[in-house]
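Trainee: Just passing along the structure, written as structure tokens.
The values are calculated or read from the model by the stated rules, or taken from the named source; none is laboratory data. Every value quoted in this text rests on a predicted model; they were computed, and no experiment measured them. Here the Cβ positions follow ideal geometry from the backbone for every residue, glycine too, while neighbour counts run over all protein chains shown.
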Amino acid sequence: MTAVFSGLDPAAYTPHALHSSERMWPETNCYVDLWIEVLSAQGLSPEAMLGFTLTQEFEGDQFTFFKVPLEDLESLYDIRVTELAIFDRVETHVEEQIRRGRLCLVEMDSYFMPDTQGVGYRQEHGKTTVGINRLDVAARSMDYFHNGGFFRVEGEDFDGVFQLDPPEGALPFLPYTEFAKFPERQTSPAHQREIAALLLQRHFARRPAANPIAAFAAVFPAQVEAIAERPFGYFHKYAFNTLRQFGANFELLASHLAWLDKETHADAIAEALKISENAKTVQFQLARAIARKKFDPLAAALDPAVAAWDRLMDDLGSRLI
């Protein structure tokens with residue numbers, strides 16, 4: 001088998017609607033974005049998996065880097081994901097798994113990925129996860145799911161992502177790698193809806209005990225004042241791990257609720273989108289505050305999202321408990 005999913009061409013690939021440029025957050029994080037596209041490529045509904053977004057917490061220095069639980073993937077789609085042991089060359093393991101129809105999810109360096117042009121490509125080394133659909137070692141070519149799309153890497157960039165020409169004394173390339181086993185027969189849309197509704201209840205029961213956005217708001221101005229003393233590029237890392245994570249998280253929750261039942265969840269959808277929109281607005285305010293070294297306006301900047309989170313949980317609680 002030359003590819004896990006045959007017939008996919010990066011040049012003709014259309015991303016899923018969850019990655020539309022019209023959304024507030026067209027991309028979320030590499031892991032969730034990857035699964036959205038992998039599921040879409042099989043004709044499955046990625047919206048079904050997004051109930052876990054209810055569990056996002058503020059972790060003190062960042063919001064939870066939200067990832068779909070592997071047990072949810074199995075319950076919804078009968079897709080089984082587990083760690084792949086790396087004891088030989090990475091590309092050797094990937095080739096073997098592709099032959100078996102399995103998709104390998106590999107942590108790689110975005111420095112060598114052309115799809116990160118203008119952000120990381122040939123500018124900055126960064127850890128990110130890709131799903132390898134096709135691998136041709138002899139031709140130095142790989143097709144892969146990453147962020148909000150499906151791409152190809154070739155030549156020197158291929159050598160770079162697999163670290164085929166490392167400097168003398170470099171550590172061996174032993175990335176964290178998972179592999180996904182797909183069922184012979186896909187689960188039905190009815191099954192996905194039934195399980196998604198049950199998982200929403202389960203994840204609601206696992207929601208944070210206290211408002212995580214309020215906890216973030218309490219330390220936000222002081223954190224921003226501290227990062228203002230660092231090089232400006234650090235702003236992007238901080239914003240990604242705080243405002244972007246909870247903003248994108250709740251926009252996906254809104255999409256999940258709309259997929260389940262747009263009319264029933266209309267009020268909850270509106271509150272989730274208010275959180276997402278407030279995060280986007282505050283991200284711009286954050287850049288201005290750092291540039292001007294004025295942090296007092298940030299003290300109340302997140303108030304709309306704090307209030308919306310409380311209303312959202314109250315609304316869902318009236319139906320899910």
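Trainee: Looking at (1) over 29 Å from L312 (Cβ atoms); (2) crowded, with 18+ Cβ neighbours inside 10 Å, find the lone condition where D33 falls short.
Mentor: (1)
Trainee: Going by the structure shown, is P208 over 20 Å from L70 (Cβ atoms), surrounded by 14 or more Cβ atoms within 10 Å (Cβ to Cβ) and modelled with pLDDT of 95 or more?
Mentor: Against the criterion (over 20 Å from L70 (Cβ atoms), surrounded by 14 or more Cβ atoms within 10 Å (Cβ to Cβ) and modelled with pLDDT of 95 or more), P208 qualifies.
Trainee: If the Cβ limit is 9 Å and pairs must be 6+ apart or interchain, which residue in region 58-82 that is closer than 14 Å to A180 by Cβ and outside the structural domain of Q223 (by TED's automatic domain parsing) pairs with which residue that is hydroxyl-bearing (S, T, Y) and in a strand (DSSP E or B)?
Mentor: These pairs meet every condition: L70/T82.
Trainee: In region 1-34, how many are closer than 21 Å to K67 by Cβ and either assigned by TED's automatic domain parsing to the domain that holds A239 or not in a helix (DSSP H, G or I) (or both)?
Mentor: Total meeting the criteria: 10.
Trainee: Another one. List the residue pairs whose Cβ atoms are under 8 Å apart, where the first residue sits in region 123-139 and is without any contact (Cβ under 8 Å) to a residue 40 or more places away in the chain, the second is assigned to a strand (DSSP E or B) and surrounded by fewer than 18 Cβ atoms within 10 Å (Cβ to Cβ), and the two are 6 or more positions apart or on different chains.
Mentor: K127/E107; A139/E154
Trainee: Which count do you get for residues in region 163-213 that are touching a helix residue (DSSP H, G or I) at 6+ places or on another chain (Cβ under 6 Å) and in a helix (DSSP H, G or I)?
Mentor: 9
Trainee: Continuing with this model, one more query. If you take the residues in region 49-102 that are closer than 28 Å to F220 by Cα and among the charged types (D, E, K, R), which one is surrounded by the most Cβ atoms within 10 Å (Cβ to Cβ)?
Mentor: E57
Trainee: With (1) under 22 Å from Y144 (Cα atoms); (2) surrounded by fewer than 17 Cβ atoms within 10 Å (Cβ to Cβ) as the list, and P189 as the residue in question, which single condition is left unmet?
Mentor: Among (1) under 22 Å from Y144 (Cα atoms); (2) surrounded by fewer than 17 Cβ atoms within 10 Å (Cβ to Cβ), P189 violates only (1).
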